[in-house]
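Engineer: Mind looking over this structure? Questions follow.
What follows is calculated from the coordinates using simple rules that are stated; it is not laboratory data. All values reported here derive from a predicted model rather than from experimental measurement. Methodologically, a virtual Cβ is constructed for each residue, glycine included, from the backbone with ideal geometry; neighbour enumeration extends over all protein chains shown.
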Amino acid sequence: MIVKLLRAPRLLSKCVVRNFSAVEPVVNLNERKVFAKRAETNDPATHSENDIGKFYTVSIEDNKKLFSFYEFPAQFERNIKTFNESAFMIREPALEIINSLKTLDPTKPILKFVIYGRFGEGKTMTFCHICHFAHRAGWILCYVPTSTIWMRWSKEVTFSETKPESINIPLESAQWLRNFKIQNADLISKLDLRVRDKIVWSAREITEKDAPLMELVDHGINRVKYAADVVDVLIENIKLYSTEQRCRTLVAIDGFNGFFNPKSNLKAPDKTPVPPLRVTIMQSLMKLTQADWSNGAAVLTVDTKNSYPDNREFVFPLYLLHKEGFEHLDPFIPVYVPALNPKEVNNLLDYYEEKKWLLKPQAREEIEFLSTRNPYHLTELCGPL
Amino acid sequence: MLNSFSNLIFKTLNPLSSAARSANVRCMSRYGPQFIDPVVDPQEQKKIRETGDLQTYLFRPIKSAPGNYTCSHYFDPEVAKFTNILMSGGRKALCRELMDKTFEQIKRNQIERFNKAETDEERNAIIFDPLIIFHKAIENTKPIMKLLKIKRGGQTYQVPYPITENEKRFRAIKWLIEAGNDKPNPIHFPQRMAIEFIDAANNKGSAVKRKTELHRQCEANRAYAHYRWA
Amino acid sequence: MVLQCRSYSRLYTRCESKVKYTPLAKHPLKLANRVGSGGKGPSQAYCLQEMFNMFSCLKKNEFSQSPCSNEITTFQTCAEKHKAELKKLKEDERAGILTPGTTKLSANQVNLLLKRFPN
């Protein structure tokens with residue numbers, strides 16, 4: 001599409017000068033010093049409406065803790081390595097959701113937000129922004145980057161022993177528990193949450209009542225066979241503790257519509273097809289998005305890339321979640337992430353100039369026009385310049 | 001006889017044949033000699049308006065620009081030439097994407113180098129602009145002469161001969177692409193080409209090596225130089 | 001036995017009396033109005049001296065081009081100049097222009113002259 005926009009051979013033969021910006025080409029980069037507008041603090045809880053369009057940086061430790069496994073879009077990941085910092089732009093949908101989370105009523109059932117929007121316009125980045133806020137504010141984070149990793153690339157598929165007709169993906173469940181530990185271990189040990197009931201895994205493996213919750217998680221990581229069941233128990237415990245107001249939980253699932261696809265690439269050990277909801281870890285996570293607990297929130301995104309190829313025409317939640325998903329989630333708050341406004345585009349281009357990424361700032365209006373203010377396409381266009 | 005036949009065709013296609021030939025228009029061009037090349041770059045157009053050369057353009061018919069030329073501020077005709085030569089099977093969109101990714105990769109490599117550099121001197125010597133590196137690389141791989149095969153007395157000799165600007169550019173681009181393709185497979189083409197461009201801009205790398213080997217061969221065969229005319 | 005006179009071809013036959021060979025009818029022994037093309041034209045070996053200068057400089061500097069830029073530019077300008085001269089010559093021939101006083105003429109130029117002054 002972008003290639004087609006750049007071709008205009010007929011008009012060129014008339015020697016018409018285009019009405020794009022007539023900034024002279026910059027020869028000496030040292031002369032032009034541009035700095036992007038940044039927020040005053042790097043704490044997402046303190047940002048307000050005045051900070052919309054500005055950048056704030058996520059520290060390296062937070063980055064490693066929260067976002068080290070498939071979380072960021074690939075383009076952003078490469079840029080973090082090149083610019084030596086991960087800078088988020090503060091945008092309106094994210095601020096809206098964060099404000100709602102700050103003023104959450106702990107007695108009412110959970111709030112559910114569904115973020116939707118076109119490709120490349122900032123759904124995942126908004127999502128990561130909210131997760132960072134929750135982590136800084138001391139919430140427990142149940143984070144699922146995408147379900148496609150499980151549905152397409154799972155290495156091991158076994159029958160579940162505790163749930164009939166369900167399928168386990170033990171390695172991926174253990175990986176999720178590992179991530180959960182990295183993200184929440186400090187918080188859970190600080191809050192001193194413990195296992196509710198005694199669980200007997202086998203003749204020699206027992207998790208006692210009132211054992212620390214991280215011991216349960218460690219058990220799941222070490223004994224991969226029981227990882228999926230550990231996830232289930234963990235989720236039940238977290239829900240109970242949230243409702244008792246001992247902790248606050250944010251359920252963050254990127255690509256929630258992947259849960260409701262009719263098929264997946266997995267095959268059960270007896271070669272039967274496995275739809276996503278037949279997998280135990282998906283069922284456990286579905287429990288988290290039900291409205292039967294309180295003092296928490298669920299932030300979900302729906303994305304065309306998580307849905308089956310024949311279901312990618314529109315971006316709206318009802319279309320992508322199908323009837324099943326919509327009825328499960330209803331009522332929820334849909335949040336639309338639009339393309340950047342001119343102020344935000346300006347700041348983003350300033351940021352790339354500051355980082356010596358955009359080396360030829362001659363015709364910024366041209367870049368803005370060609371990318372239709374879509375941040376993904378804007379970054380792609382600035383790549384070779 | 002063949003000459004007269006082609007002359008006949010030429011005359012029927014273009015009635016201004018002899019005038020065309022004397023004005024050095026391409027033989028089978030649909031444009032007569034009165035057509036002039038278009039000016040695509042908006043900066044150049046501005047200059048023409050300012051300096052008053054507009055008169056030469058106003059009252060003459062202008063050829064249409066090639067399909068891959070744009071009036072974008074970021075358009076470069078040498079990059080367009082490179083993509084054309086890189087293209088195979090008519091997949092121009094793929095080649096454009098590859099060029100974009102190559103330039104991006106050049107920037108990332110240079111920024112990495114900048115961050116690793118220890119002295120200020122090293123840091124100042126690093127060029128970030130991929131287009132400057134691209135132009136420098138092509139300039140450094142352009143040969144100054146070519147070898148012609150001349151047959152004399154049953155033997156074929158390689159004779160050094162001067163080379164035109166277009167052919168120099170073509171040779172340079174071809175060598176760069178071949179050098180980029182030579183590297184082992186798991187590395188993607190943009191990464192390979194980025195390394196090749198940066199090396200050639202610093203006068204290292206296999207494309208520049210090929211050029212110097214050609215020069216060495218020309219120098220070794222300088223005794224046969226007069227075979228071209230004897 | 002007398003040989004049968006059969007002409008197997010016009011030129012090759014055992015009977016000389018049957019031969020009808022008139023070579024001079026089609027190609028009379030007379031000078032033509034034109035000269036064969038090719039052969040040594042005015043384009044003699046050009047720019048050889050500049051080329052050799054360039055080579056010796058390159059060899060001295062181990063084939064790095066930056067110290068030899070002068071020699072290279074002189075060679076290139078010489079080559080371009082000569083190419084332009086050749087082009088002009090061809091154009092003149094086509095147009096029928098002959099500059100008086102040139103010592104070495106190309107085959108085409110000689111033909112032009114012969115056409116104008118046939119005897």
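Engineer: Starting from the Cα of C:ARG116, step 7 Å along the direction of its Cβ; do the same at A:ASN99; then give the gap between the two resulting points in nm.
Structural biologist: A separation of 9.4 nm, rounded to one decimal place.
Engineer: Order these by the 10 Å Cβ neighbour count, fewest first: A:MET151, A:MET214.
Structural biologist: Arranged by neighbour count, lowest to highest, A:MET151, A:MET214 become A:MET214, A:MET151.
Engineer: Please work out the Cα center distance from region A:83-120 to region B:30-72, rounded to the nearest Å.
Structural biologist: Result: 53 Å between the Cα centres.
Engineer: Within the set A:LYS64/A:LYS355; B:LYS174/B:LYS204; B:LYS136/C:LYS60, which residue pairs have Cα atoms separated by over 20 Å?
Structural biologist: As for pairs spanning more than 20 Å Cα to Cα, those are A:LYS64/A:LYS355; B:LYS136/C:LYS60.
Engineer: Semi-axes of region A:64-117's equivalent ellipsoid from the Cα gyration tensor, sqrt of 5 times each eigenvalue, largest first, rounded to whole Å?
Structural biologist: After diagonalising the Cα gyration tensor, the semi-axes are 29, 13, 11 Å.
Engineer: Over region A:231-385, what is the relative contact order in percent, taking alpha-carbon pairs closer than 8 angstrom and at least six residues apart?
Structural biologist: Rounded, it is 20 percent for region A:231-385.
Engineer: What does the charge dipole of the protein assembly as shown about its Cα centre add up to, to the nearest 20 debye, if the Cβ of each Lys and Arg holds +1 and the Cβ of each Asp and Glu holds -1?
Structural biologist: 6160
Engineer: Return the aspartates and glutamates within reach of A:LYS123: Cα separation strictly under 15 angstrom, same-chain partners fewer than 8 residues apart disregarded; answer none if there are no such residues.
Structural biologist: List returned: A:GLU71, A:GLU92, A:GLU96, A:ASP254, A:ASP303.
Engineer: Same structure again: Helix A:74-83 versus the longest principal axis of chain A: what angle, 0 to 90°, nearest 10, using Cα atoms?
Structural biologist: Rounded to the nearest ten degrees, it is 70.
Engineer: Between B:HIS135 and B:ALA93, what length comes free when the chain is fully extended (0.36 nm per residue of separation minus the Cα-Cα distance, one decimal in nm)?
Structural biologist: Roughly 12.9 nm would be gained on extension.
Engineer: Give the residues of region B:151-177 whose amide nitrogen is closer than 20 Å to a point set 7 Å from the Cα of C:THR73 in the direction of its Cβ.
Structural biologist: Within reach of a label on C:THR73: B:162-166, B:168-169.
Engineer: Calculate, for A:GLU77 and C:ALA95, the FRET efficiency according to 1/(1 + (r/R0)^6) with r their C-beta to C-beta distance and R0 56 Å; round to the nearest 0.05.
Structural biologist: 0.25
Engineer: Suppose R0 equals 56 Å; then what is the FRET efficiency for A:TYR336 and C:SER64 from their Cβ-Cβ distance, rounded to the nearest 0.05?
Structural biologist: Rounded to the nearest 0.05, the efficiency is 0.35.
Engineer: Let me ask something else about it. Counting alpha carbon pairs within less than 8 Å and at least 6 residues apart, what relative contact order, in whole percent, applies to chain A?
Structural biologist: 25
Engineer: Give the shape of region A:99-195 as rounded, prolate or oblate, defined through the alpha-carbon gyration tensor: a ≥ b ≥ c are the square roots of its eigenvalues, a/c under 1.5 means rounded, and otherwise the shape is prolate if a/b is larger than b/c and oblate if not.
Structural biologist: Judged from the Cα gyration tensor, region A:99-195 comes out oblate (a/c at least 1.5, b/c at or above a/b).
Engineer: Mind scanning A:LYS356/B:LYS81; B:LYS46/C:LYS83; B:LYS149/C:LYS83; B:LYS183/B:LYS209; A:LYS112/A:LYS190; B:LYS146/C:LYS83 and naming the pairs with a C-alpha gap bigger than 24 Å?
Structural biologist: A:LYS356/B:LYS81; B:LYS46/C:LYS83; A:LYS112/A:LYS190
Engineer: Calculated FRET efficiency, A:PHE326 and A:PHE35, Cβ-Cβ r, R0 41 Å, to nearest 0.05?
Structural biologist: That pair, A:PHE326 with A:PHE35, gives E of 0.35.
Engineer: Shifting gears a bit: Rounded to the nearest 20 debye, what is the charge dipole size of region A:102-152 about its Cα centre when +1 sits on each Lys and Arg Cβ and -1 on each Asp and Glu Cβ?
Structural biologist: 40
Engineer: Which whole-Hz couplings ³J(HN,Hα) result when phi for each residue of region C:21-27 is put into the Karplus expression 6.51 cos²θ - 1.76 cosθ + 1.60, θ = phi - 60°, listed in order with x for Gly and Pro?
Structural biologist: Ordered by residue, 3J(HN,Hα) equals 10, 10, x, 7, 5, 7, 10 Hz.
Engineer: Calculate for the protein assembly as shown the 222 nm mean residue ellipticity that helices alone would give, adding -39,500 (n - 2.57) per DSSP H run of length 4 or more and normalising by residue count, nearest 500 deg cm²/dmol.
Structural biologist: -14500 deg cm²/dmol
Engineer: To continue, here is another question. So for the protein assembly as shown, what percent of the C-alpha to C-alpha distances run longer than 42 Å?
Structural biologist: Looking at the protein assembly as shown, the distances longer than 42 Å represent 52 percent of pairs.
Engineer: Right, here's the next one. Averaged over peptide B:99-105, how many Cβ atoms belonging to another chain are found within 10 Å of each residue's Cβ?
Structural biologist: Across the residues of B:99-105, the mean count of other-chain Cβ atoms within 10 Å is 4.
Engineer: Separate question: In chain B, if the dipole is taken from +1 on Lys/Arg beta carbons and -1 on Asp/Glu beta carbons about the Cα centre, which of B:GLY205, B:MET28, B:ASN109 is farthest to the positive end?
Structural biologist: B:MET28
Engineer: Check cross-link reach from C:LYS30 to the lysines: straight Cα distance under 23 Å, and skip same-chain residues fewer than eight apart.
Structural biologist: C:LYS20, C:LYS115
Engineer: Moving on. Compute the distance in nm between two label points, each set 7 Å from the Cα along the Cα-to-Cβ direction, one at B:ILE62 and one at B:ARG152.
Structural biologist: In this crude spin-label approximation the distance works out to 5.1 nm.
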